[in-house]
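The values are calculated or read from the model by the stated rules, or taken from the named source; none is laboratory data. Source: prediction; values computed, not measured. Quick reminder, even Gly has a Cβ in these numbers, built from the backbone with ideal geometry, and neighbours come from all protein chains shown. All accessible areas refer to the heavy atoms of the entire protein, side chains included, with ligands and DNA or RNA removed. Shrake-Rupley method; radii C 1.70, N 1.55, O 1.52, S 1.80 Å.
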Amino acid sequence: MPATTQPTPSTASFDVEALREEFPALSQDVYEDTPLAYLDNAATSQKPTPVIERLNRFYGEENSNVHRGVHRLSQDATEAYEGARTSLAHLLNAPHKDQVIFTRGTTEGLNLIASTFGEMVVGEGDEILLTEMEHHSNIVPWQMLAEQVGASIEVLPVTDRGALRMDLLPEMLTDDTALLAFTHVSNTLGTVNPAQDLIDVAHAEGVPVVVDGAQSAPHMPVDVQALDADFFVFSGHKMFGPTGIGVCYGKREHLEAMPPYQGGGDMIDQVSFEETTYDGLPHKFEAGTPNIADAIGLGEAAEYVMDLEWEAVQAHEDAVLEYATERVEAVEGTRIIGTASDKTSVLSFVFDDIHPYDAGTVLDREGVAVRTGHHCTQPLLKRYDLPGTIRASFAAYNTREDVDCLIDGLHKVRQMFG
Ligand code: PLP
């Protein structure tokens, strides 16, 4: 433990040390006698024992294909798979589990929406409104759609501090705007966007809204009905769940009107060479054998997250972010990128004179896992005229001790690069 450490206080309802014990990967040394300080949660989170054990139990006891089998194992697997869907519906407060479509993750969810709903509502001459802080996966599918149908991409800018220019929103929502897609939380800046305002203003103009929840689902309770989001997508692996699985929630009227995303088994009602009819929700959007085990693992992660005392967890995460912000600011030559008033769990910064990659390499040898680079937000980095940042990103299990390891590492970086 570094000399500067102030132990992270636990509150009555949130014991961070007890939480850490449930994540086996956190207690390892990454190099000889160098404990891991895992600060790359915006890329992917570590997994708690209940999720790991649930995956083991599925493969050890229940493994079978879903939906089509009459035998015991297939029934067990189907029950577990559909049970996971119910857990995800509870997590999002979706009106019905049929509105929860399993995908490979946020990226696939956005591609699904762009190539089904997008093709229905975006036509020649229309505009798709995005924000300047989008992840590439909430840019490229819309560009592909725009190119295909002859639409254009419009971009709501960000301020120097990394907040959305909400003052420009009314004028950017024109008669030609066919759709608004935005990230709930920026993976590069940590900005929490005013989702409710964005949705309300867009809806007042009759514009449907797609919310990229990749970075919000792990850090706050989400209520898709209260938000009135037309679509909400996220990835399981950033929220204590497995990789390769995520969710696309949609309003029923949209999902029912949309054509299928992919064709194949499990998404059909009747098939003949002359004509095929499709199954109802949610199966219409889940062609082929799904990622059964990981969907079940994600269901377990959803239950795990729902058991967390959110108020206490958020207070803890905010306190760690504030502590990290103060301490990084105090390191000579650093500059924080993203200082919006509403932020969560992401701290991006640069050294005036040291490349982020060099800093990341030194930090790694100190056991500190951060991400360096453009974080799949090249247009945003261009806005700030930066090649990349050093990004420390936090989860509920991170502590001030983790931050102290980061700071000690940054002092080493300073020493090495002058
Ligand atoms: N959107 C945001 C805001 C993200 O942070 C990420 C991943 O970092 C994605 C989308 C893409 O998620 P995935 O790679 O899990 O599909």
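Which lysines have a Cα lying under 20 Å from the Cα of K238, excluding residues fewer than 8 positions away in the same chain?
Straight-line reach from K238, under 20 Å: K47, K343.
Give me the percent of the accessible area of the stretch 105-182 that comes from carbon and sulfur atoms, probe 1.4 Å, all protein chains in place.
On the way: 1410 of 3040 Å².
Heavy-atom surface of the stretch 105-182 belonging to carbon and sulfur, 1.4 Å probe: 47 percent.
Which ³J(HN,Hα) values, rounded to whole Hz and listed in residue order, are derived for the stretch 328-339 from phi using the Karplus coefficients 6.51, -1.76 and 1.60 in 6.51 cos²θ - 1.76 cosθ + 1.60 with θ = phi - 60°, glycine and proline given as x?
5, 4, 7, 7, 4, x, 9, 9, 8, 9, x, 10
Provide the percentage of antiparallel DSSP beta bridges, counting only those with both residues in the chain; round to the nearest 5. Write down the numbers at each step before the final one.
Working: 29 of 47 bridges.
Around 60 percent antiparallel, to the nearest 5.
What's the magnitude of the charge dipole for the stretch 90-288 around its Cα centre, counting Lys and Arg as +1 and Asp and Glu as -1 at the beta-carbon? Answer in Debye, nearest 20. Display every interim value, and only then the final one.
Working: 8 positive and 30 negative charges, 190 e Å.
That gives a dipole near 920 debye.
Return the calculated 222 nm mean residue ellipticity for the chain, to the nearest 500 deg cm²/dmol, obtained by summing -39500 (n - 2.57) across DSSP H runs with n ≥ 4 and dividing by the residue count. Don't jump to the answer; show the numbers that get you there.
Working: 14 runs with 147 residues, N = 418.
Result for the chain, helices only: -10500 deg cm²/dmol.
Pairs of Cα atoms under 8 Å, at least six residues apart: use those to get the relative contact order of the stretch 90-288, whole percent. Could you put the intermediate results ahead of the total?
On the way: 389 pairs, mean separation 51.6, N = 199.
Answer for the stretch 90-288 is 26 percent.
Using the Karplus curve 6.51 cos²θ - 1.76 cosθ + 1.60 with θ = phi - 60°, work out ³J(HN,Hα) for each residue of the stretch 111-117 in order, rounded to whole Hz, and write x for Gly and Pro.
Per residue, the Karplus-derived 3J(HN,Hα) values read 5, 4, 5, 4, 8, 10, 4 Hz.
Taking the Cα centre of the chain as the origin and placing charges on Cβ (Lys, Arg +1; Asp, Glu -1), which of V185, Y59, A151 is farthest toward the positive end of the dipole?
Of V185, Y59, A151, it is Y59.
Name the aspartates and glutamates eligible as straight-distance cross-link partners of K97: C-alpha to C-alpha under 16 Å, and not fewer than 8 places from it in the same chain.
Reachable aspartates and glutamates: E79, E82, D223, D230, E253, E256, D279, E286, E300, E303.
Quick query: amide H of D40 versus all other amide H atoms, modeled in the peptide plane; which residues come in under 5 Å with a sequence gap of 5 or more or a different chain?
So D40 has HN proximity to S393.
Ordered by packing density, taken as the mean number of other Cβ atoms within 10 Å over each peptide's residues, highest first, how do 178-186, 28-36, 272-280 rank? Please list the in-between numbers first.
Details: 178-186: 25.8, 28-36: 12.1, 272-280: 10.0.
Descending mean neighbour count gives 178-186, 28-36, 272-280.
State the extension gain, in nm to one decimal, for the chain segment bounded by E309 and Q262, taking 0.36 nm per residue of separation less the distance between their alpha-carbons. Numbers along the way, then the final one.
Working: separation 47, 0.36 × 47 = 16.92 nm, distance 3.87 nm.
That works out to 13.1 nm of additional length.
List the residues, sorted by chain then number, that are 5 or more residues from V30 or on another chain and whose placed amide H is less than 5 Å from its amide H.
When sequence neighbours closer than 5 places are left aside, the close amide H contacts are L36.
Ranking request for peptides 356-363, 260-267: highest mean number of other beta-carbon atoms within 10 Å first, then the rest in descending order. It would help to have the intermediate numbers written out before the result.
Numbers: 356-363: 18.9, 260-267: 15.6.
Answer by packing, highest mean first, reads 356-363, 260-267.
Taking the mean number of other Cβ atoms within 10 Å as a proxy for protection, how do you rank 398-407, 229-238 from highest to lowest?
On the way: 398-407: 23.3, 229-238: 27.7.
Highest-to-lowest ranking by the protection proxy: 229-238, 398-407.
To the nearest 10 degrees, how steep is helix 292-306 against the longest Cα principal axis of the chain, on a 0 to 90 scale?
The angle comes out near 60 degrees.
How big is the C-alpha Rg of the chain next to the rule-of-thumb value 2.2 N^0.38 Å, as a ratio?
Details: Rg = 22.1 Å, N = 418, 2.2 N^0.38 = 21.8 Å.
Taking N as the residue count of the chain, the ratio is 1.02.
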